[in-house]
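Data block below; observations after.
Just so it is clear, none of the values below were taken in a lab; they were calculated from the coordinates. As the structure is a prediction and not an experimental result, all values here were calculated from the model. Heads up, the Cβs are rebuilt from the backbone with ideal geometry, glycines too, and the neighbour counts pull from every protein chain shown.
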Amino acid sequence: MRKPLWILVPCLVLTGCASMLNLDSSGRDLDAVRFEQSWLGHPEAEIIAALGPPTRDVSDAKDGHILVWEFDRVSLPFCLGGCPRGTPNVHRLAERHAYIGPDGLVYKTYWSVL
């Protein structure tokens, strides 16, 4: 009877931890999906007003440009069975990209975590 318990407990822990992640059914980060969908067709000035000045502004090799915001994405570390007190958070560099067309409207967005 003890063997099934040892199989069941890690499965429950892993399932509980996985449900804490903010992912959609295809495994993509929901914050990234919302960002990508929410700004399409909006003027460049609106996205800058909402996110602040971009970190970089580069050419899109067409007639527009790409605004890039870099930021520190903080998340809790993954510790099987819980993390000891004082375990530091995980910091990862993330970028938001907004592709601006010659008409000044956002035609594509992208969010990446490096």
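Neighbour counts of other Cβ atoms within 10 Å put VAL33, VAL106, VAL113 in the fewest-to-most order VAL113, VAL33, VAL106. Stretching the chain fully between ASP31 and THR55 yields a gain of 6.7 nm (0.36 nm per residue, less the alpha carbon separation). A DSSP coil position with no more than 16 other Cβ atoms inside 10 Å describes the following trypsin sites (Lys or Arg not before Pro) in segment 29-74: LYS62. Among the chymotrypsin sites (Phe, Trp or Tyr not before Pro) within segment 32-114, those in coil by DSSP and having at most 13 neighbouring Cβ atoms inside 10 Å are PHE78. Taking amide H as placed 1.01 Å from N in the peptide plane, HIS42 has its amide H under 5 Å from the amide H of VAL106, each at least 5 places away in sequence or on another chain.
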